[in-house]
Amino acid sequence: MDILMIMNGLGIGGAELQFLELARCLARRHRVRLICLQGDAALGHGAQSGGIDTLRFCYRGRVRVRAAGQLAAAVRTARRLPADVVLTTSFIGNAVGLAAAAGTGRRLVSLQTVSACKRYRRADRAILRRFDLLIAGCEDIRQFLLSHGQDPQRLRTVNNWVDFSARRQTASAAATRARFGLPETGALVGCIGRMHVQKGQEFLIRAFRSLSAAETGATLVLVGDGPRMDEMRQEAAGDPRIVFTGTIGGDDYTNLLAAFDIYVQPSRFEGLPRTLLDAMYLGRPVIATGVNGNRDAIRDGGNGLLVPPCEPAALAAALGRMLDDRALAARLGARAAEDARSGFEMETQTARIEEILCAR
């Protein structure tokens with residue numbers, strides 16, 4: 001089967017990584033071509049396209065003369081390429097995919113990885129109504145699509161995933177603490193994510209600062225960078241118990257995540273965050289806000305703790321409970337690891353998508 005995949009490649013995040021992983025998995029048994037729009041940072045950020053035929057149509061800024069010319073060229077190229085299925089993600093990918101498939105008889109499928117924070121909701125809704133199938137990355141995304149007028153007969157749900165085979169701890173927790181200049185003793189509370197309004201790190205900082213050092217003996221480790229970094233440093237106000245590492249990757253990412261005693265996902269909204277799934281896989285006790293896709297992964301009191309978003313007091317109470325009750329933390333972490341393996345492993349989820357694409 002010939003599969004044409006179309007994505008926005010300007011930056012790299014969970015959605016882009018997942019789309020590229022899917023491309024590599026599909027390319028084992030099918031002819032896959034990938035069109036990358038607006039930029040190609042996603043292809044060069046540790047997420048290579050695995051030898052797949054890749055075409056880049058790069059431009060900067062909003063859709064003006066150059067952008068329009070590049071998008072028109074992408075549509076013309078896409079229409080010439082052989083394809084039984086056109087598989088897209090992101091608003092711009094969906095729009096180009098629709099134009100590329102119109103009147104050709106090709107099956108048109110969109111991979112939907114987020115619900116909240118769609119920039120062009122009305123236009124995206126109209127475009128997606130003309131797709132043959134929409135694959136939602138979690139139940140929350142499916143419900144979002146239903147609430148925005150999409151036909152339930154055209155919806156399928158396949159959980160977002162992580163390639164857990166790449167998550168191998170290569171250094172001890174003690175060595176990792178030394179590498180990042182973290183205290184030798186005391187619990188590490190960790191959070192990984194862009195410093196962006198979506199991620200809500202300010203609520204975690206406020207919650208953590210409300211717990212006294214005498215009560216916890218813990219250190220908060222915030223991993224990532226982004227437009228709100230200065231604001232987050234101001235929130236921390238020089239508290240020596242709060243450490244910012246910047247962005248990390250490779251073995252450092254897995255080793256630091258494995259060294260955390262508690263992992264916190266304080267987001268205002270989410271799709272189904274990969275860092276949360278990674279933490280679960282590594283058996284980290286998780287505290288997450290009860291929003292969107294977080295609820296698909298975490299069951300309150302079953303494999304983690306859920307708290308309301310934007311409420312530092314509730315988050316502080318959950319942190320205190322987890323720090324005080326290590327038996328609870330261990331039980332939740334062990335169950336989280338089991339659930340990650342059974343529900344969010346890459347090979348299983350991409351095989352389900354392949355079945356959907358091949359079905360008629």
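The values are calculated or read from the model by the stated rules, or taken from the named source; none is laboratory data. Keep in mind it's a predicted model, so treat the numbers as computed, not measured. Cβ atoms come from the backbone with ideal geometry, glycine included; neighbour counts cover every protein chain shown. Heavy atoms of the whole protein, side chains included, go into the accessibility calculation; ligands, DNA and RNA do not. Shrake-Rupley method; radii C 1.70, N 1.55, O 1.52, S 1.80 Å.
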*Can you tell me how many residues in segment 145-168 are in contact (Cβ under 8 Å) with a residue 40 or more places away in the chain and surrounded by 15 or more Cβ atoms within 10 Å (Cβ to Cβ)?*
9
*asked:* Please go through (1) in a loop (DSSP other than H, G, I, E, B); (2) open to solvent by 30 Å² or more (accessible area, probe 1.4 Å); (3) at pLDDT below 95 for residue 215 and return the number of the only condition it doesn't satisfy.
replied: (1)
*So is residue 233 open to solvent by 50 Å² or more (accessible area, probe 1.4 Å), touching a Phe, Trp or Tyr at 6+ places or on another chain (Cβ under 9 Å) and not aliphatic (A, V, I, L, M) or not?*
yes
_Which pairs turn up if I take residues in segment 118-140 that are β-branched (Val, Ile, Thr) and look for partners that are part of a loop (DSSP other than H, G, I, E, B) with beta carbon separation below 6 Å, at least 6 apart in sequence or on another chain?_
135/158
*Find the residue count for segment 121-141, including only residues that are assigned to a helix (DSSP H, G or I) and within 20 Å of residue 92 (Cα to Cα).*
9
*Going by the structure shown, is residue 180 aromatic (Phe, Trp, Tyr), open to solvent by 10 Å² or more (accessible area, probe 1.4 Å) and more than 30 Å from residue 208 (Cβ to Cβ)?*
no
*Positions within segment 102-120 being modelled with pLDDT under 95 and not in a loop (DSSP other than H, G, I, E, B), in sequence order*: 112
*For residues that are charged (D, E, K, R) and part of a helix (DSSP H, G or I), tally how many sit in segment 11-34.*
3
*Can you tell me which residue within segment 246-260, out of those that are open to solvent by 40 Å² or more (accessible area, probe 1.4 Å) and outside any helix (DSSP H, G or I), is farthest from residue 280 (Cα to Cα)?*
247
